[in-house]
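A short write-up of the structure that comes next.
Since every read-out is calculated from the coordinates, none of them should be taken as a lab result. Nothing here was measured: the structure is a model prediction, and the numbers come from that model. Cβ: placed from backbone, ideal geometry, glycine included. Neighbour counts: every protein chain shown.
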Amino acid sequence: MARTSRKKINKNKYEANQVSSKSLVYDTALYIRLSIGSEKESTNSIENQRNIMLNYIAKKPDFIVIKVYCDNGYSGTNFERPAFKEMMKDIKNGKIDCVIVKDLSRFGRNYLEVGRYIEHILPSMNIRLIAINDNYDSIDIKKNEGFILVLKNLINSAYSQDISKKVKSQIKVQQKKGNYIGAYPPYGYLKDPEIKYRLVVDQTVVEVVKNIFRWRVEGKATTKIAGKLNEKGVSTHYKHLVELGIIKNDKYINALWTDSRITNILKNRVYLGHMEQGKTKTTICGSQKREKVAKEEWHVVENTHEAIITQEMFYRVEKINFDKSTKTKQNIATVSPEKIFKGVVICGHCGLRVKTRKVKSRTMSYSNTLECTTRYKKMKSACVPNSITEKELLLIVSDELKKTENSC
């Protein structure tokens with residue numbers, strides 16, 4: 001009997017798979033992505049992408065649309081997108097076995113990451129990928145199409161990098177003019193509906209901002225200020241924007257005030273009527289990580305909008321914060337800098353992690369003390385006052401370890 005070559009066997013298997021795959025019924029996800037500022041591009045509009053995909057599958061009974069996933073206002077340079085993450089979660093749970101996009105640029109513009117999904121992640125999960133306008137179908141790759149696909153991914157990646165450079169250049173121009181280019185206005189302000197890039201006072205929360213500065217001048221700690229606002233039921237910055245309809249995502253609806261949020265407000269010179277922008281930057285296109293920029297490189301323009309806080313009050317708060325910071329550094333030098341139980345101790349009442357603080361005793365000495373700050377950061381009813389010194393906890397842990405050792 002004549003021997004059949006391995007090459008021919010593999011070819012027959014491939015053709016068999018192609019025939020069987022075409023007879024399958026696919027639970028399909030339609031994925032749509034629109035970048036920020038791309039609303040004017042009719043070819044990439046959400047409605048147009050949806051119509052192209054629906055028309056594509058209209059006469060194909062082997063595709064059943066399970067869900068349409070849409071990331072509106074998200075860059076393709078990274079995959080930190082809520083709808084994309086939801087789609088991948090459904091894929092892992094076995095709800096989806098085919099993904100359709102208008103073209104590969106909608107799937108992503110990061111050459112390496114897109115290649116990783118196309119060549120490794122999706123095939124390993126037996127997921128079919130179709131990019132309509134690129135004539136790409138993962139189960140029907142013809143000769144030389146692999147090279148063309150790589151070339152298209154490179155072009156998409158180069159395009160996003162070019163756009164990123166142009167956008168950054170335009171942002172710098174606007175920042176140097178003192179125009180506000182942030183996605184959301186700072187707490188206490190709104191974007192002027194008539195004059196682009198200008199801030200106007202938000203009359204609904206302006207008194208809250210004034211109270212925060214006034215309480216700090218009166219000597220209240222930032223944790224106490226946060227707790228007081230939570231007790232009063234005052235909405236945080238993003239929660240307020242959700243209530244105004246500026247932010248559509250409701251993940252901030254239960255957000256509470258914290259000492260860091262209060263500190264950020266107390267440090268922000270926007271409340272003096274000045275604009276300070278360009279404090280952070282991204283070093284890699286598509287990266288979510290940002291690094292701090294040296295103060296002398298910030299874009300600072302004074303008197304760009306109405307002030308909420310007087311210079312006198314702002315500088316008083318600044319001095320209080322500086323004195324507090326200096327005193328804290330001096331206190332830290334008097335005790336061991338090592339926080340042995342940092343991040344590992346849970347409050348027995350509220351279940352949240354406790355913080356290690358430098359606390360002054362009656363004898364005027366300082367020690368590391370573990371204390372639950374939930375009642376200060378959220379509200380008094382959220383927990384009960386409780387604390388323990390690091391030395392006391394060390395003794396307890398040591399005794400327990402000895403008991404365990406003796407019982408072995």
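Straightening the chain between residue 403 and residue 246 buys 50.7 nm, computed as 0.36 nm per residue apart minus the Cα-Cα spacing.
Checking the Cα-Cα distances for 210/267; 251/279; 355/391; 239/281; 172/248; 172/279 against a 18 Å cut-off, the pairs over it are 251/279; 239/281; 172/248.
Across the stretch 211-227, rounded Karplus estimates of 3J(HN,Hα) from the backbone phi angles (6.51 cos²θ - 1.76 cosθ + 1.60, θ = phi - 60°) give 5, 4, 5, 5, 5, 5, 5, 6, x, 6, 6, 4, 5, 5, 5, 4, x Hz, Gly and Pro being marked x. Can you list which of the trypsin sites (Lys or Arg not before Pro) found in the stretch 53-93 are DSSP loop residues with at most 13 other C-beta atoms within 10 Å? The qualifying sites are 59. Setting aside same-chain residues fewer than 8 positions from residue 92, which aspartates and glutamates have a Cα under 14 Å from its Cα? Filter leaves 27.
Here the Karplus relation 6.51 cos²θ - 1.76 cosθ + 1.60, evaluated at θ = phi - 60°, turns the backbone of the stretch 228-239 into coupling constants of 5, 5, 5, 4, 7, x, 6, 5, 6, 3, 5, 5 Hz, with x for every Gly and Pro.
Distant-in-sequence amide contacts of residue 189, defined by a placed amide H-H separation under 5 Å and a gap of 5 or more residues or a different chain, comprise 202.
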